[in-house]
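Derivation of every value follows stated rules applied to the coordinates shown; laboratory data play no part. Quick caveat: nothing in here was measured; it's all calculated off a predicted structure. In this analysis, Cβ positions are derived from the backbone assuming ideal geometry, glycine residues included, and neighbour counts consider all displayed protein chains.
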Amino acid sequence: MKDKLICIIHYALLKAKEKGDLSIQEIPSIVLEVPKEEGHGDFATTVALSLAKSEKKPPRKIAEIIKDAIEDSGGILERIEIAGPGYINFFIKDSAWLSVLSEIEGKGANYGRSDIGKSKPVQIEFVSANPTGPLHIGHGRGAAVGDSLARLLSFAGYDVKREFYINDFGSQVENLGNSIYFKYRELSGDNEAAKVVRAEAADDETPGAQDTSNLYLGEYITDLAKDFIARPEFQALPEDEKKIYCREEGIKMMLRQIGETLLKFGVSFDEWYSERKLYDPKNNLVRAAIDELREKGLVFEDGGAVWLTTTRFGDDKDRVLIRNNGQTTYFASDIAYHRDKFMRGFREIVDVWGADHHGYIPRMKAAIQALGHDPDEFNVLLVQLVNLMREGQPVKMSKRAGTFVTLEEVMDEVGTDACRFTFLLRRPDSHLDFDLDLVKSQSSENPVYYVQYAHARLSSVFRQAAEKGIVLPPIEKVNLSRLSLPEELAIIKRLSVFPELVEKAAEAKEPHRLTYYLQELAGELHGYYFRHKFISDDLELTYARMHLVKAVRQVIATALGLLGVSAPESM
RNA sequence: GCGCCCGUAGCUCAGGUGGAUAGAGCAACAGCCUUCUAAGCUGUGGGCCGCAGGUUCGAGUCCUGCCGGGCGCGCCA
C-alpha cells in the first residue's frame, strides 16, 4: 500500500516538473509515514516541507501543486488533504485495505518475507562461550538475540550462516583441565598433590589472579572429575597424561553440554569453529594472517614482541600480536579467524558480544581494515549483561566460586518461550533485569502469554467453527466489504505494516521490534474478540471475519517464529 | 584521566534513522464472565523526555559542554 502511494507521489512530482510548476533539480526521496493522529489520514508526507527551501515557495503552495498533479489510476485514494505547515495527508479507501487480506491468504507463512538481503552471504557469530563452564543467563540473552536475528535476516532474504567460535586453545581451557585434575587428585585423597596443582595454576602470569589460583570451583568440575574417575580408560593412563585427558575430555563434555542447552533453547549452529583449527601446523592461519599484515608493512617489533599498527586505523594504541615469550595473543587468533570468515566468502559479518567487550571493537575494526576490508562489513552487536533477580533482589553470582545460576536452570524454571521472549523484550544494548518470579509466577500477565493466548484463542475459534460444520469458502468468494468496523480496519492496517516492519527490523538488526509489534497486534485482537462474535448466524459476515482473524493468526505465528517462540494451538 | 553505552510516567521500558497534541506494560483506583478460552476486556489518574546551549521551517531523536549511572582501558581470554 505504502509503496503504491510512493509511486503515485513520485509520478506527481515528475509531472509537476514537466509542467514547469516545480523546478525540482532531483526528486527527493519521499518520506511517507503513518500519522499518529487518525484524523491526519492513513499516510502523510513532508515532501512539500523539504522542497520549500529549494523551490523558494511556501510549503502549502507546493503541497497544492503536488496534490493537483496526483493521478490515482488504481482508485485507492479516498481524498487528499493539505494540513498544518504543508503536510499532505492521504486517506485510503476502505475497499483498498481489504486487499491486504487476500495478499496474506495467498502468501501464508511467506507473508512478510522479502528479498532486500539479495542473498547476501552474512555470518552471525554468537554465544561463543568458553567451553570451561555451563552457559549462564547472559549467554542466554546473546543466544536469543543472535538466533532471532539470524531468523530475521534469513526471512529478509539474506543468506545467513550461524557460527559458534570455540575458544579451545589458550589458558582458559588449560585452567579447565587443571581444575578437573585438581579435583581428581583431591577426590583420590591426595591432598598434597592437589596443593601442588593449585600452586601451579596460581603461578600463572595472569595479573588478575589475586586469589590462590585460577581454578574453577563449580560443582560441574566435581561431576566431571567423578565421571572420569569412573572411566577405566582414565585410570589406565600414566599420571602425567591424566592432566591432558582432563583438559581434552573436559572440553568435549562441556561443549556437548553447551550444545544440548542451546538446542533445548531452540538454537542451533551451522558451524562450530575451533580456535585450534587456526593453528593447524599444515595450514597455520594465524601465521598466514600475521605474514599478510607484515607484508603490508603494518607490523613492527618492540620489546621482543610483535605489534600491529592499529592506531593507523583509529585505535587508541597499537596492539600486540606475538608476546615476547613467543606466544600469540587472543587478538592474533581473532584476526586470523575473521580473516578466514571473509575468505569463506561472507560479505557481512555480525558478531554478538557481551557489552563488557565493547572496548575490543576499535582494535577489531582496525584489524579488519588492516586486512583490506571495509569496516562496515564487520558489525558488532553488543548485548548488555543481565541482572538476574529473585523477588526484586539481585541474585549474587560468582563464576570462580561456582555459585551461579545456569541458563539451563532458568529455562527449567520459567520455560523457554517466556525466557526467549523476555530477552527480546528490550533493545539488546539496554540493561535487563530478569526477575525469575516476574517471568515465571506472574505468568498470567506476562507479555509472552498475552501474545500466545491470542494465537490460541483464534485457533480455538476455528475449532469451534469446524464443530459447527462451518466450511470457510476461499477468500475470493467472500464479501470482505462486510468488514467495516473501525477495529477491523485498524487490524487490517496493522497487518499491512508487517512486511515493512520485518525489513526495518532486519536492517537495523533489532529483533525486539517484533515483540512490540506482537503486543500491539494481540492487544487489538483481544479487544476485537471481546466486543464482537466472529461466528454468528450471519454467514456472510462470519466468513469475512474468519478470513480476517485467519490472517491475524498467520501473522502472529510468523512473527513468533522469527523470535523462536512457539505459537500454541491451545493454552 | 580517556573511551563506549544509558538517562523518557511511581517501576520496567518503546519511540520506525528529524515531523503534527510523547506511548505501552506493570503498579494504583473503578467496572465487565448464562456468550467462539477472563492467560481476556473497558475506564481513570500520572511527564521540565537528566541539565544548559547549538543546528533548522521543525529536536525525545542530530552537535557541543556539564551532571548522574553502567562498562571498558593487559605482551589476559
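Tabulated data for the structure shown
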| read-out | value |
| --- | --- |
| Calculated [θ] (222 nm, deg cm²/dmol) that DSSP helices of n ≥ 4 give over chain A, each run adding -39,500 (n - 2.57) | -16000 deg cm²/dmol |
| Column: log10 I(q)/I(0), Debye, Cα scatterers of the range A:207-366, q = 0.13, 0.16, 0.17, 0.19 Å⁻¹ | -0.90, -1.19, -1.25, -1.33 |
| Ranked packing of A:51-59, A:63-71, most packed first, by mean Cβ within 10 Å | A:63-71, A:51-59 |
| Fewest-first sequence of A:Cys7, A:Cys419 by Cβ atoms within 10 Å of each Cβ | A:Cys7, A:Cys419 |
| Backbone HN-Hα couplings from phi across the range A:150-160 [Karplus 6.51/-1.76/1.60, Hz, Gly and Pro as x] | 4, 5, 5, 5, 4, 5, 8, x, 8, 8, 9 |
| Charged-residue dipole, Cβ positions (Lys, Arg, Asp, Glu), the range A:2-92 about Cα centre, Debye nearest 20 | 380 debye |
| Antiparallel DSSP beta bridges within chain A, percent to nearest 5 | 50 percent |
| Violating pairs (Cα-Cα greater than 18 angstrom) within the set A:Lys264/A:Lys504; A:Lys4/A:Lys93; A:Lys4/A:Lys509; A:Lys183/A:Lys226; A:Lys2/A:Lys504 | A:Lys264/A:Lys504; A:Lys4/A:Lys509 |
| Interchain or long-range residues, amide H under 5 Å from A:Asp435's placed H | A:Met389 |
| Ranking of A:Glu488, A:Glu192 by count of other Cβ atoms within 10 Å, fewest first | A:Glu192, A:Glu488 |
| Among A:Ala336, A:Met1, A:Ala225 - extreme Cα towards positive end, dipole of chain A, charges at beta-carbon | A:Met1 |
| Cα-Cα over 26 Å, subset of A:Lys282/A:Lys317; A:Lys277/A:Lys365; A:Lys120/A:Lys493 | A:Lys282/A:Lys317; A:Lys120/A:Lys493 |
| Normalised contact order of chain A, rounded percent, pairs of Cα under 8 Å and 6 or more residues apart | 15 percent |
| Which of A:Ser268, A:Ser114, A:Leu285, positive extreme of dipole for chain A (C-beta unit charges) | A:Ser114 |
| Under 27 Å from the Cα of A:Lys56 - lysines, other chains or at least 8 residues apart | A:Lys15, A:Lys17, A:Lys19, A:Lys67 |
| Selected from A:Ile30, A:Leu77, A:Ala44, residue furthest toward positive end of dipole (the range A:2-92; charges at beta carbon) | A:Ile30 |
| Shape call, the range A:23-146: gyration tensor on alpha carbons, a/c limit 1.5 | prolate |
| Cα pair distances in chain A, grouped into 10 Å bins until the bin that holds the longest one, percent each | 3, 14, 19, 21, 18, 12, 8, 4, 1, 0 |
| Peptide ranges A:105-111, A:337-343 listed from the most packed, as the mean C-beta count within 10 angstrom indicates | A:337-343, A:105-111 |
| Table column - 3J(HN,Hα) (Hz), the range A:515-527, Karplus curve with 6.51, -1.76, 1.60, x for Gly and Pro | 5, 5, 4, 4, 5, 5, 4, 4, x, 5, 5, 4, x |
| Cα gyration tensor shape for the range A:2-92, rounded if a/c is under 1.5, else prolate or oblate | oblate |
| For A:Asp315, net neighbour charge (Lys/Arg +1, Asp/Glu -1) across residues whose Cβ lies under 10 Å away | +3 |
| Sorted by Cβ neighbour density within 10 Å, fewest at the top, the residues A:Thr328, A:Thr222 | A:Thr222, A:Thr328 |
| Degrees separating the helix A:239-264 axis from the principal Cα axis of chain A, which is the longest one | 10 degrees |
